[in-house]
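Trainee: This is the structure, below, for whatever I ask next.
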Amino acid sequence: MTHWQPVIGLEIHAQLATKTKIFSPASTKFGSPPNTQACAIDLGLPGVLPVLNKEALNMAIQFALAIEAEIGKRSIFARKNYFYPDLPKGYQISQYEHPIVGKGNISITLADKTNKIVGITRAHLEEDAGKSLHENFINQSGIDLNRAGTPLLEIVSEPDLFSIEETIAYAKKIHAIVQYLHICDGNMQEGSFRMDANISLHKQNEPLGTRAEIKNINSFKFLEKALEYEIERQSELLDNGKEVIQETRLFDSEKGETRSMRSKEEANDYRYFPCPDLLPVVITEKDIDQARSNLPELPDARRERFQNDYELSQYDANVLTASREIADFYEQVCQVVGNHYKICANWVMGDFSGMLNQDNLYIHESPVNSTQLGKLIQRITDSTISGKIAKDIFEHMWENGGDVDQIIEQKGLKQITDVAAIEKMVDEVIANNPEQVAAYLSGKDKLFGFFVGQIMKASQGKANPAEVNKLLKQKLIP
């Protein structure tokens, strides 16, 4: 194990869910043909002037309230000057000395159930650049400016993260908050939520080391892998008496390694100065009160309510409130089923989430909706079907659709609850397996499962498991 202590800070770029861009009326809709959503303002043509999108401002204020951060009552937009082929103006309108959101903090829960407070340095509004395309070009790059001018909220943490586990927990918490606020859809595959990780190593009680920045990470798995590689890379350099170079690096997900991109810029390299085309933004108490009135229930409050109202464990509540979509889905299922909260949690976290992951689907794309899943769970709780049969029905519904009750009726899947019928099957299994009965009575208790399996096999999985267990115990007592 390395004797070097990692120190990590994250810069998270959350693409705001506005319909138009931050300084222009052009659409932010994803997936349009290249260069069909970039107007004269996005292109930086002579004579055009940017106008701030008020909805983007409101979203930034809501985020500040959600993390109990300072709000810059007077904030200034600046020009951040650098050259990218996909940055048509040659500068990015961003914020520097006077951001919308000042210092705040986030509470994260770790695997050992301890809580940690992570400081937020700032969160500022800025416009996104365009996108360089390389796949369909030989020795050339194509430039798509549809994304140019899309509003971003850049959330900068303090260097308070000292392990990969803490970093992932923090990133997931920010991801959950912006989704709960409905200010960002959190879609990493489409680039709506991207992370830059600054990481350095040092020995305890010694000054911080030189940091490297890993840019544009678009999944939690890639963030974990990139940090693992970078910690190992920097440890090896330091162990061999070499220096870590301050630079910007990219993570190659196919090779599982980071590679150098360019030397790391400092603030003075960007030649920040106030944007002459935009007036200072003045935020009033009325603006703040209006944003506060629109705040939804946030992840921590919802987790606590799930534990209290649904009597869930802290683990279950954490999993179910990790995203607003899954929490909403769970509550919708509970509304159908009633007060069987734990079995609803098990199905949503287990079979349902497993199928989503298997087919790489979002919740809104699921072929089984909350009403259908709730109805299926109802048929378990009212003893119409067993849990095992329910899993088969769920898979059938996932693949083919259909109504729960119709599937049960058509396939003859109703659970056998007639005590006399089950008792007959129990007697037959005991009579047909005298050696196993003798072994069980001599102390081999694990054979009880054998008898249960034989009875369930004989009933084609339809016998009520509770009644089977009850009758078996009665009849196997010497």
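The values are calculated or read from the model by the stated rules, or taken from the named source; none is laboratory data. In this text the structure is predicted, and so the values were computed from the model without any measurement. Every residue, glycine as well, gets a Cβ built from its backbone with ideal geometry; the counts of neighbours run over all protein chains shown.
Trainee: What number of residues within region 233-258 satisfy the criterion of being free of Cβ contacts under 8 Å to residues at least 40 places away in the same chain and either closer than 17 Å to Asn198 by Cβ or exposed (fewer than 11 other Cβ atoms within 10 Å of the Cβ) (or both)?
Mentor: Total satisfying the criteria: 15.
Trainee: With the requirement that a residue be part of a helix (DSSP H, G or I) and within 16 Å of Thr167 (Cα to Cα), what does region 204-235 give you?
Mentor: Within region 204-235, Phe220, Lys221, Phe222, Leu223, Glu224, Lys225, Ala226, Leu227, Glu228, Tyr229, Glu230, Ile231 meet the criteria.
Trainee: Exactly one condition in (1) more than 21 Å from Phe193 (Cβ to Cβ); (2) under 24 Å from the mean Cα position of the chain (by Cα); (3) among the hydroxyl-bearing types (Ser, Thr, Tyr) is false for Tyr272; which is it?
Mentor: Unmet for Tyr272, out of (1) more than 21 Å from Phe193 (Cβ to Cβ); (2) under 24 Å from the mean Cα position of the chain (by Cα); (3) among the hydroxyl-bearing types (Ser, Thr, Tyr): (2).
Trainee: Considering region 155-184 alone, what residues qualify as being among the acidic types (Asp, Glu) and under 18 Å from Ile217 (Cβ atoms)? So that I can check it myself, show each step before the final result.
Mentor: Filtering region 155-184 down to residues among the acidic types (Asp, Glu) leaves 158, 160, 165-166.
Those that are among the acidic types (Asp, Glu) and under 18 Å from Ile217 (Cβ atoms): Glu165, Glu166.
Trainee: Looking at Ile183, Ile143, Ile174, Ile168, which is the one that is in a strand (DSSP E or B) and either in contact (Cβ under 8 Å) with a residue 24 or more places away in the chain or within 22 Å of the chain's Cα centre (by Cα) (or both)?
Mentor: Testing whether each residue is in a strand (DSSP E or B) and either in contact (Cβ under 8 Å) with a residue 24 or more places away in the chain or within 22 Å of the chain's Cα centre (by Cα) (or both) leaves just Ile143.
Trainee: Can you pull out the residues in region 329-347 that are at pLDDT below 95 and either under 22 Å from the mean Cα position of the chain (by Cα) or on the phi > 0 side of the Ramachandran plot (or both)?
Mentor: Gly338
Trainee: So, one more: Condition first: touching a strand residue (DSSP E or B) at 6+ places or on another chain (Cβ under 7 Å) and either more than 23 Å from Arg324 (Cα to Cα) or exposed (fewer than 12 other Cβ atoms within 10 Å of the Cβ) (or both). Can you find one or more residues in region 287-300 that meet it?
Mentor: yes
Trainee: Another question, then. If you go through region 316-341, how many residues are in a loop (DSSP other than H, G, I, E, B), within 27 Å of Thr384 (Cα to Cα) and of a type in the set (A, V, I, L, M)?
Mentor: 0
Trainee: Is it true that Glu311 is touching a residue at least 24 places away in the same chain (Cβ under 8 Å) and of a type outside the set (A, V, I, L, M)?
Mentor: Criteria met by Glu311.
Trainee: Applying the selection to region 42-75, what residues are over 30 Å from the mean Cα position of the chain (by Cα) and outside any helix (DSSP H, G or I)?
Mentor: Gly44, Leu45, Pro46, Gly47, Val48, Leu49, Pro50, Val51, Lys73, Arg74, Ser75
Trainee: Separate question: Only residues that are free of Cβ contacts under 8 Å to residues at least 24 places away in the same chain and in a loop (DSSP other than H, G, I, E, B): list them for region 371-398, please.
Mentor: If the condition is that a residue be free of Cβ contacts under 8 Å to residues at least 24 places away in the same chain and in a loop (DSSP other than H, G, I, E, B), then Asp382 is the only one that fits.
Trainee: Yes or no: region 275-285 includes at least one residue that is surrounded by 16 or more Cβ atoms within 10 Å (Cβ to Cβ) and either acidic (Asp, Glu) or free of Cβ contacts under 8 Å to residues at least 40 places away in the same chain (or both).
Mentor: No, region 275-285 contains no residue that is surrounded by 16 or more Cβ atoms within 10 Å (Cβ to Cβ) and either acidic (Asp, Glu) or free of Cβ contacts under 8 Å to residues at least 40 places away in the same chain (or both).
Trainee: A further question on this structure: Report whether or not Ser24 is part of a loop (DSSP other than H, G, I, E, B), of a type in the set (Ser, Thr, Tyr) and under 17 Å from Pro88 (Cβ atoms).
Mentor: yes
Trainee: Quick test for you: out of Leu65, Leu125, pick the one residue that is modelled with pLDDT of 95 or more and touching a Lys or Arg at 6+ places or on another chain (Cβ under 8 Å).
Mentor: Leu65
Trainee: Turning to a different aspect of this structure: Does Leu238 qualify as being part of a helix (DSSP H, G or I) and more than 30 Å from Gln314 (Cβ to Cβ)?
Mentor: Spelling it out, Leu238 is indeed part of a helix (DSSP H, G or I) and more than 30 Å from Gln314 (Cβ to Cβ).
Trainee: Okay, next question. Would you please list the contacts, defined by Cβ atoms under 6 Å and residues six or more apart or on different chains, that run from a residue in region 71-85 that is over 16 Å from Glu126 (Cα atoms) and without any contact (Cβ under 8 Å) to a residue 12 or more places away in the chain to a residue that is surrounded by 15 or more Cβ atoms within 10 Å (Cβ to Cβ) and aliphatic (A, V, I, L, M)?
Mentor: Nothing qualifies.
Trainee: So, of the residues in region 198-214 that are among the aliphatic types (A, V, I, L, M) and buried (at least 16 other Cβ atoms within 10 Å of the Cβ), which turns out to be nearest to Asp239 (Cα to Cα)?
Mentor: Leu201
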